[in-house]
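Single-structure report; data block below.
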Amino acid sequence: MGHARTYVSFDIIRRILSNYFGYDVTLCMNITDIDDKIIIESNNQQVNFAEYARKWEKSFFEDMARLNVSPPDVLTRVSEFVPDIVSFIEKLISNGFAYESNGSVYFDTEIYKQTHTYGKLINQSDINSELMQEGEGKLTDVKAKEKRREEDFALWKKSKELEPSWESPWGPGRPGWHIECSVMAADSLPCPIDIHSGGVDLRFPHHENELAQSEAFYGCQQWVNYFLHTGHLHIKKCKMSRSLKNFITINEMLEDYTPRQMRMVYLLHKWDGMMNYDPENSSTMEEAVIIEKQFKEFFMNIQAAKRELKIESKQKFDQREKNLFAALQQTRENVHNALLDNFGTDVAVLELSGLVNKTNVYMQSEPKLILLANVSDYVKKILDCFGLDYNVADSGDSSFEPLMNVLTRFRDGVRQASREGDVKAILQLCDLIRDDDLPPLGIKLEDRSNQPSIWKKGNPEELILEIRRKKEEEEKARVRKQEMAKKKEEKKAAQDAQANIDPKEMFRSETDKYSQWDDNGIPLCDQTGNPISKSLRKKLEKLWEKQKKLYEQREVKQE
């Protein structure tokens, strides 16, 4: 889910740049198929590192397709660029920014600092051994003696036993982590690059080291114009990680939520801010589900309205139309300003939601076709820019045969129930066709009070999920009602049991507290034989009077 946030967020930004602002965007995506983690895991599973990497690369792109993330314009893999990486490193050595040591090659950060700034993306005080070790990988010691200093990082790693290797001027080895991105970007993009993106956890050392080696290679002071870093995704306010076992896979999320709902939750948060998700109390997802459903229902309602409205009817704007048209114009301005302000999709979505609310109110009384089309086209255009595809409202199996099978079964059931005079069975068949038979065909049948039912087209999978959630909520409500009835029954039973106690006997069993009682059974002395206090006597008399009323009411009921 954390990876999904990064890739969906940048897909949204890419779409806004291209489809809203009209920029010509070329997206280059780098695939790391050689690194320490891959080598360790492939060796553990006794498979070739390339086979292992391709398996997860395929899985990644399948997940991205399900989330409607557009594929990159250029795809680069480390294993396909090893000769280019060797040439790149040779130039860094030639420029005086790298050195060979014991078959490995390291970037000389001290030499680099003489002409450049190292630490552009992070405060110098935040640089530590733990971060640098993370950048070097589990198979490389950040404090290796062959390095001149701890900050220096590997460009080329001498291969050890069971590690893949390629020939180089320094002997058999493999690329370091950071060098791959610089080399592959250099092959596909000009210098400087306009935008470099990634998760905030890549800011240092990965992106910082990319900057250093690329600026050393090109002899420039600025290799990237803008870095975009997505914020962390926390689970129950803890950073998502495999070590904590609190990560949630994309497949697990898609079992309960649709791709549009997942995209909506990211749209409703600042792309570069921290986001918290609690699977057990997910107000985060609930808000996304509600707003996504609002848009889905809006387009379905528009589609249904268009079937009834005619262009030849009156189209002149009255005051209601003028008010909605003014709201449309204001929303256009507000959404534009929000997207100009750091791609503020959270603000933009709420602006669109407000416009949809006003349009829904307007539709309740003789709407104008032209105005409805104007509003819905604009809302759809912006949501399209966000990667929310609502064209699926026209999808689903529209062939004649499946629908006729449903109608035939329904008719046969109604006929049989009618012959038997079973009205309840007929109503159950009506619910069955609405909830079970039509949704898989992409048809939503909606009951309306004091009006004929209305049908709408939708996405079959989403309609089935919606019905499932509705039934789950109904079951929860039934269980709550059952529990409340049980508690009420238990409370009544306790009250009835209490009412059966004769007030004259209610205190006589408490011999651990009292030793003498009057004729009505009210205690006179405590267990030691001393008279009870006046305040306690007064309290006991009140309890006795209350029990007397209960007891007398019981006798009246019995008579």
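The values are calculated or read from the model by the stated rules, or taken from the named source; none is laboratory data. What you see is a predicted model, and the numbers here were worked out from it, not measured in a lab. Because the Cβ atoms are built from the backbone with ideal geometry, glycine has one as well, and the counts that use them run over all protein chains shown. Only protein heavy atoms, including side chains, enter the accessible area calculation; ligands, DNA and RNA are left aside. Shrake-Rupley method; radii C 1.70, N 1.55, O 1.52, S 1.80 Å.
Quick check on LYS145: is it basic (Lys, Arg) and either touching a strand residue (DSSP E or B) at 6+ places or on another chain (Cβ under 7 Å) or modelled with pLDDT under 75 (or both)? In short, no. Is it fair to say GLU461 is acidic (Asp, Glu), in a helix (DSSP H, G or I) and under 21 Å from GLU286 (Cα atoms)? Here the answer is yes, as GLU461 does meet what is asked. Of all residues in the stretch 100-121, those that are over 10 Å from TRP156 (Cβ atoms) and open to solvent by less than 20 Å² (accessible area, probe 1.4 Å) have Cβ atoms under 8 Å from Cβ atoms of residues that are part of a strand (DSSP E or B) and hydroxyl-bearing (Ser, Thr, Tyr), 6 or more apart or on another chain, in ASP108/TYR99.
Out of ASN123, ASN128, ASN102, ASN68, one residue alone is out of contact with any helix residue (DSSP H, G or I) (no Cβ under 9 Å at 6 or more places or on another chain) and closer than 30 Å to ARG14 by Cβ. It is ASN123.
Quickly run through the stretch 340-365 and pick out the residues that are modelled with pLDDT of 95 or more, hydrophobic (A, V, I, L, M, F, W, C) and open to solvent by less than 60 Å² (accessible area, probe 1.4 Å). Residues satisfying the conditions are PHE343, ALA348, VAL349, LEU352, LEU355, VAL356.
When the stretch 484-503 is filtered for residues that are in a helix (DSSP H, G or I) and either of a type in the set (S, T, N, Q) or open to solvent by 100 Å² or more (accessible area, probe 1.4 Å) (or both), the ones remaining, listed by number, are MET484, LYS486, LYS487, LYS488, GLU489, GLU490, LYS491, LYS492, GLN495, GLN498.
Quick check on my filter: what residues within the stretch 519-537 are under 20 Å from LYS549 (Cα atoms) and loosely packed, with under 11 Cβ neighbours inside 10 Å?
The first filter runs over the stretch 519-537 and keeps only residues under 20 Å from LYS549 (Cα atoms), leaving 519-523, 537.
Matches in the stretch 519-537: ASP519 only.
Selection within the stretch 310-339: residues that are among the charged types (D, E, K, R) and under 31 Å from the mean Cα position of the chain (by Cα). The member of this set that is least open to solvent (accessible area, probe 1.4 Å) is ARG332.
What are the residues in the stretch 270-309 that are of a type outside the set (Asp, Glu), open to solvent by 70 Å² or more (accessible area, probe 1.4 Å) and over 18 Å from THR359 (Cα atoms), if any? Explain how you work it out, then say what you get.
Within the stretch 270-309, the subset of a type outside the set (Asp, Glu) is 270-271, 273-277, 279, 281-285, 288-291, 293-296, 298-307, 309.
Among the residues that remain, those that are also open to solvent by 70 Å² or more (accessible area, probe 1.4 Å) are: 270, 274, 281, 283, 290, 293, 306-307.
Result: LYS270, MET274, ASN281, SER283.
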